[in-house]
Amino acid sequence: MAQFQEVSKQSSLHPKPAGLVLQYGTAGFRTNAKHLDHIMFRMGLLATLRSKKTKATIGVMVTASHNPEEDNGVKLVDPMGEMVTPAWEGYATQLANAEQEDLLTALKDVIEKEAINMSQEANVFVGKDTRSSSASLSQAVLDGVSALGGHSKDYGLLTTPQLHYMVCCQNTQGKYGEATVDGYYNKLCQAFIQLTKSVSNRTDDQKHLYVDGANGIGALKVHEMERHVKRELQISLFNDGTKGKLNYECGADFVKVQQEPPTGIETNAGERCCSFDGDADRIVFYYTDPEGQFHLLDGDKIATLISTFLKETLTQAGLDLKIAVVQTAYANGSSTHYLEDTMKVIVRCTKTGVKHLHHAAQEFDIGVYFEANGHGTVLFSKEAEEKIQQLAKNPNTDDQRKRAALLLQNTINVINQTVGDAISDMLLIEAILAIKGMTIQQWDAIYTDLPNRQLKVKVADRRVIDTTDAERRAVSPAGLQETIDSLVKKYRLARSFVRPSGTEDVVRVYAEAETQESTDTLAHEVSLAVYRLAGGVGDEPKPLHEKH
C-alpha cells in the first residue's frame, strides 16, 4: 500500500533511539524533549487511526504541563474532548516503543485489532504550548498525520483545555460552541458578563485579580482574553513569559507544594491571587493575611465553593437535580465533612487521576470534580441542561425561579465541561464570589483544613502494595492495613493511607490529624510501617522533628 511506503519514508526522518522505552501515563508521554521526535510522529499516526476508527476529529496536544522547561510531552484527545480510552493508551505505548524496523508491523496490528477502514477520512487538530521544543515536535505530529493521508488543522499556540474544547465543538457540529479561539473567548466571557451584571455596585477592588501565568501558555491566553471581559474583571498578570522561566518558582504546582506565593508577584495583604500551571488546566487561589500568613485555596476549597453555589441556586430555581462532588483520598477531611454534614451534598471518592473523577462525575445530574492540585470542572447531564433551559424559557416561571434558572444557564456556558480549565474555572470562581458578595477570606473560612502531611518511602518494588476502596485501604502486603488502622486510632480526627506511585518505585504516604504535630508523627509512623512491611530500601525514614 502506498500509505505504508509513505509511513516508512517519513518515519526514517523521525527515527527512534534504539532501546528507549516510554509509557503512556495519566498525562500521556512526558520526558526530556530531545527524546520525543519519534514519539510525536507516531502519535500523529495513531491519532489518524483513532480518527478513522471513531469517524470523528481527534486532538493531539504537545505540552509537558507543569514539568520543567526542558521537558515536553503529548496527549491525545478523544471525540467529546475527553482523554483517550485505556485500550488506545496501550496502543500508544506499543507504537512508541516499537523499534524502527517493527513500526509497520505494530501499526498494522492496531489496524487489524480495531478493524479500521483505511479509506475512511481522518481529521486531527493539533495544539502546542510555548516551550521552545514545541514547534518542531508539533511539526512531527503533523508529519505523522499526513503520512497516513489524514487531514490536520494546526491551531498553533493553545492551552490544553482550549484544544479539548475545539475537538468537542467540531464533533458536536458547533452545538458546544465555535471551534475557534475567538469562539472560545466569546462563549465564556459573555456568560461571565451575564453572571456578574446582575451584581450591583461592585467596586474596582472587588473586580481585581492577580494572575500568575507560570511563564507559560496560560499567560498568553489570559492576555488575549482580557479585552473580551471588558471592565468586569481587572487582571494584573505576573510571570507572563517575558522574562521568567516556565514553571520555575511559579505556577499552581509550585504554590501548592511549597505553600507560598510564586516569585515575581507583588501583592498586599488580603488581595485575591491565583496561579495557573504550565498548560493552564489547573488553578489554585491564595492570599496573604495581615500577619503575613499564607492561605491556599486549593481544589477542595474550589469544589466546595462551586457546589455550594450550585446547590443554593438549584434550590432557588426549585429544581430537584442530584448534585455530587467527586474527590480522591487526598481531599482534605474537613472538606468532606463540610460537604456531607453541612451542605448535605453527595460525596463520591475515586482513585487518583482525572479520568477516574471525570467518569464518576458523569453518573450524576451535576457532578463537580476537583483534584486537590486544582484540576477540575463541572459536568451537567443532558437532562439537567434541558430542565434548566425549559425553566428559563417558560413564560410562567416566577421571577425568583427565572433569575436562578438564568444564573444556572450562564454558569453552564462559562464552564468548559471537557476537562479542567484554568481560564474557565477562574471566570466561574470570580463570578460566584461576586454574586455571593464574598471576599476570599470569607470563602477561605467556610471550613478550616485539617493539618496534613505527604511523604514518600523508597521501596524495591512498588507493586507489592495493592489497594482497594478508591486507594484508601491496602490489601497487601499482609499486616500493613492493620498496622495503619492501629496507628490512626492513637490520634484525634486522624486518617492515613498509602498508595504506590504511578511513576517511580516509591510508596506515597498521606496523613492528617487534629494538630500538625500529631499529623507529622502519624505520617512518620506509617512510613516506618511501609518501610518494614513493603520492602523499603536505603535508610529507614527519619522523624520529621517539627521541620516546617
Any idea which residue in the range 332-369 is most open to solvent (accessible area, probe 1.4 Å), counting only those that are within 27 Å of I388 (Cα to Cα) and of a type in the set (S, T, Y)?
T342
Could you tell me whether L493 is on the phi > 0 side of the Ramachandran plot, aliphatic (A, V, I, L, M), in a loop (DSSP other than H, G, I, E, B) and touching a residue at least 24 places away in the same chain (Cβ under 8 Å)?
yes
From K355, K322, K311, residue being of a type in the set (K, R) and under 15 Å from the mean Cα position of the chain (by Cα)
K355
Of everything in the range 392-405 that's assigned to a helix (DSSP H, G or I) and not polar (S, T, N, Q), which residue is farthest from F364 (Cα to Cα)?
D399
In the list I388, I432, I440, which residue meets the criterion of being over 24 Å from T328 (Cβ atoms) and out of contact with any strand residue (DSSP E or B) (no Cβ under 6 Å at 6 or more places or on another chain)?
I388
Looking at K108, K75 in this structure, which one is more than 21 Å from L142 (Cβ to Cβ), outside any loop (DSSP other than H, G, I, E, B), open to solvent by 10 Å² or more (accessible area, probe 1.4 Å) and basic (K, R)?
K108
Could you check how many residues of the range 181-234 are buried (at least 19 other Cβ atoms within 10 Å of the Cβ), β-branched (V, I, T) and farther than 18 Å from Q409 by Cβ?
5
Please count how many residues of the range 131-149 are of a type outside the set (K, R), outside any helix (DSSP H, G or I) and crowded, with 22+ Cβ neighbours inside 10 Å.
1
Scan Y210, Y185, Y248 and give me the residue that is of a type in the set (S, T, Y), in a loop (DSSP other than H, G, I, E, B) and in contact with an Asp or Glu (Cβ under 8 Å, 6 or more places away or on another chain).
Y248
Those residues of the range 111-130 which are touching a residue at least 60 places away in the same chain (Cβ under 8 Å), of a type outside the set (A, V, I, L, M, F, W, C) and open to solvent by 10 Å² or more (accessible area, probe 1.4 Å), in sequence order
E114, N117, Q120, E121, N123, K128, T130
N268 vs. criteria modelled with pLDDT under 95, part of a loop (DSSP other than H, G, I, E, B) and on the phi > 0 side of the Ramachandran plot
no
Output the residue which, of all residues in the range 503-520 that are in contact with a helix residue (DSSP H, G or I) (Cβ under 9 Å, 6 or more places away or on another chain) and either assigned to a loop (DSSP other than H, G, I, E, B) or open to solvent by 40 Å² or more (accessible area, probe 1.4 Å) (or both), is farthest from G28 (Cα to Cα).
A513
Only one of A329, A405, A317 is open to solvent by less than 30 Å² (accessible area, probe 1.4 Å), in contact with a strand residue (DSSP E or B) (Cβ under 8 Å, 6 or more places away or on another chain) and among the aliphatic types (A, V, I, L, M), namely A329
State all residues of the range 442-459 that are touching a residue at least 12 places away in the same chain (Cβ under 8 Å) and open to solvent by 70 Å² or more (accessible area, probe 1.4 Å); if no residue qualifies, say none.
T448, Q454, K456, K458
Filter the range 522-540 down to residues that are touching a residue at least 24 places away in the same chain (Cβ under 8 Å) and closer than 18 Å to A494 by Cβ, then give me how many there are.
8
Go through the range 263-281 residue by residue and tally those that are more than 16 Å from the chain's Cα centre (by Cα) and open to solvent by less than 10 Å² (accessible area, probe 1.4 Å).
1
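The values are calculated or read from the model by the stated rules, or taken from the named source; none is laboratory data. In this text, all values refer to a predicted model and were calculated from it rather than measured experimentally. Neighbour counts are summed over all protein chains in view; Cβ atoms, including those assigned to glycine, are modelled from backbone coordinates with ideal geometry. For accessibility, only protein heavy atoms count, side chains too; no ligands or nucleic acids. Shrake-Rupley method; radii C 1.70, N 1.55, O 1.52, S 1.80 Å.
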